[in-house]
1. Six or more apart or on different chains, Cβ under 7 Å: which pairs go from a residue in the range 189-209 that's at positive phi to one that's of a type outside the set (Asp, Glu) and in a loop (DSSP other than H, G, I, E, B)? Could you list them?
2. Might you check whether a residue that is surrounded by 16 or more Cβ atoms within 10 Å (Cβ to Cβ), at pLDDT 95 or above and within 18 Å of MET12 (Cβ to Cβ) occurs anywhere in the range 150-169?
3. Can you work out which of the residues in the range 188-202 that are over 25 Å from GLY53 (Cα atoms) and outside any helix (DSSP H, G or I) is farthest from the ligand (Cβ to nearest atom)?
4. Would you mind telling me which numbered condition in (1) free of Cβ contacts under 8 Å to residues at least 12 places away in the same chain; (2) under 23 Å from ALA105 (Cα atoms) GLY16 fails?
5. Can you say whether ARG190 is more than 19 Å from the chain's Cα centre (by Cα) and at pLDDT 95 or above, as far as the supplied structure shows?
6. Within the range 203-214, how many residues are away from the ligand (no atom under 14 Å from the Cβ) and crowded, with 23+ Cβ neighbours inside 10 Å?
7. Looking only at the range 215-264, which residues are among the polar types (S, T, N, Q), surrounded by 15 or more Cβ atoms within 10 Å (Cβ to Cβ) and not in a helix (DSSP H, G or I)?
8. Can you tell me which residue is nearest to the ligand (Cβ to nearest atom) among those in the range 162-183 that are more than 25 Å from THR5 (Cβ to Cβ) and in contact with a helix residue (DSSP H, G or I) (Cβ under 7 Å, 6 or more places away or on another chain)?
Amino acid sequence: MSKVTIATLQKMKQEGSKFTSITAYDATFARLFDDEGAHALLIGDSLGMVLQGCDDTLAVTMDDMVYHTRCVARGTRNALVIADLPFMSFTTPEQACHNAGRLMAAGARMVKIEGGDWLCESIRQLTRNGVPVCGHLGLTPQSVHVFGGFKVQGRDEFQAEEIYRHALSLQEAGIQLLVLECVPAALAERITKALRIPVIGIGAGPATDGQILVMHDAFGVTSGYTPKFTKNFLAETGDMRAAVRLYIQQVAEGTFPGPEHSFN
Ligand code: KIV
C-alpha cells in the first residue's frame, strides 16, 4: 500500500470504498497494523483506560500523548497517523495550536479534537497554521461526566438534530475527517451522506465511510466491560496479523459492523 493521506480517504469516500482505522500506542503494533494495511492509526486518549488502567480518559496528559505519538510514528510507514488532543488541552485557540504543534512535531499528521461548534475558531486557527483536524462527535469520552456515563448519544430527535448541526458546522470550519462514536446507525448514515469529508464510525453502524476500533477490543483483551459495538477478531483467527486482516476485510466488504454491533 502507498502512503495514505487525507486525499486517499477522500477518494475512497467518493468511490464508496470503506477504509479501516485502529488505535495504536506503540511502535510494534503500529508496524503490525501498517504492514497489514490499516489506513489510519489513532493514538487515542483511550490509552488512559487501556494502557494506564483509569476509568476514563481525563487524566491523560499532553506529555503522554507526545510520547505515544512519537512511538507510533516511528513504527508507521504508510498509514495516516492521527493523535488526540487530550482533556483540557484545547480550551482556547492558542492552547489548541500550541498543543497540536507538539503532536505534529512528534509525528502526527492530523489531530483529533472532541466537541461541537464551540471549537470552530480553534479549528480555523489550526488549519490556517497547517494542522489538519479530525472532529469527534456523539459519545465524546472526555465529556463522560457531563453525559452521566458512557451512553449512546443522539437517540432522541432533539439530540440527533444537534449532532447533525454540529457536524455541518465543524465541516464548515475546516475539519477534514470526522469520528462519530456511539450514535444510532440511521443518524450516522444521514451525517455521512450530508458531509463532503470522510466519516469514521465506532458504534455508529455500517454506513460510515470508515470504521475504527480500540486495538484491545479488536483482540478481545480489554478487561471488564466489553461494549456491544466491538468484535474480537483474534477469537476467530487465533493470530494477531490474521485478526487485523479479517477486520480490514470485513469493513471493506461491509460485513462489520453488523446489526448486532449497531444501535437503533
Ligand atoms: O481515544 C480513542 O481511542 C478514540 C476512539 C475510540 C475513536 O477516540
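The values are calculated or read from the model by the stated rules, or taken from the named source; none is laboratory data. These numbers come from a predicted model, not from an experiment. Every residue, glycine among them, receives a Cβ derived from its backbone with ideal geometry; neighbour counts consider all protein chains shown.
1. GLY203/CYS182; GLY203/PRO227; GLY203/PHE229; GLY203/PHE263; GLY205/PRO257; GLY205/SER262
2. no
3. Step one: filter the range 188-202 for residues over 25 Å from GLY53 (Cα atoms), giving 188-200.
In the following step, the residues that additionally are outside any helix (DSSP H, G or I) were identified as 195-200.
On the way: LEU195: 17, ARG196: 21, ILE197: 16, PRO198: 14, VAL199: 12, ILE200: 7 Å.
Out of the qualifying residues, it is ARG196.
4. Single failed check for GLY16: (2).
5. Working: more than 19 Å from the chain's Cα centre (by Cα): no; at pLDDT 95 or above: yes.
For ARG190, the condition - more than 19 Å from the chain's Cα centre (by Cα) and at pLDDT 95 or above - is not met.
6. First, pick out the residues of the range 203-214 that are away from the ligand (no atom under 14 Å from the Cβ): 205-207, 209.
Filter once more, keeping what is crowded, with 23+ Cβ neighbours inside 10 Å: 205.
Number satisfying all stated conditions: 1.
7. If the condition is that a residue be among the polar types (S, T, N, Q), surrounded by 15 or more Cβ atoms within 10 Å (Cβ to Cβ) and not in a helix (DSSP H, G or I), then THR222, THR230, ASN232, SER262 are the ones that fit.
8. Of the range 162-183, the ones more than 25 Å from THR5 (Cβ to Cβ) are 162-166, 182-183.
With the extra rule that they be in contact with a helix residue (DSSP H, G or I) (Cβ under 7 Å, 6 or more places away or on another chain), the set shrinks to 163-164, 166, 183.
Details: ILE163: 15, TYR164: 19, HIS166: 16, VAL183: 12 Å.
Filtering the range 162-183 for residues that are more than 25 Å from THR5 (Cβ to Cβ) and in contact with a helix residue (DSSP H, G or I) (Cβ under 7 Å, 6 or more places away or on another chain), the one nearest to the ligand (Cβ to nearest atom) comes out as VAL183.
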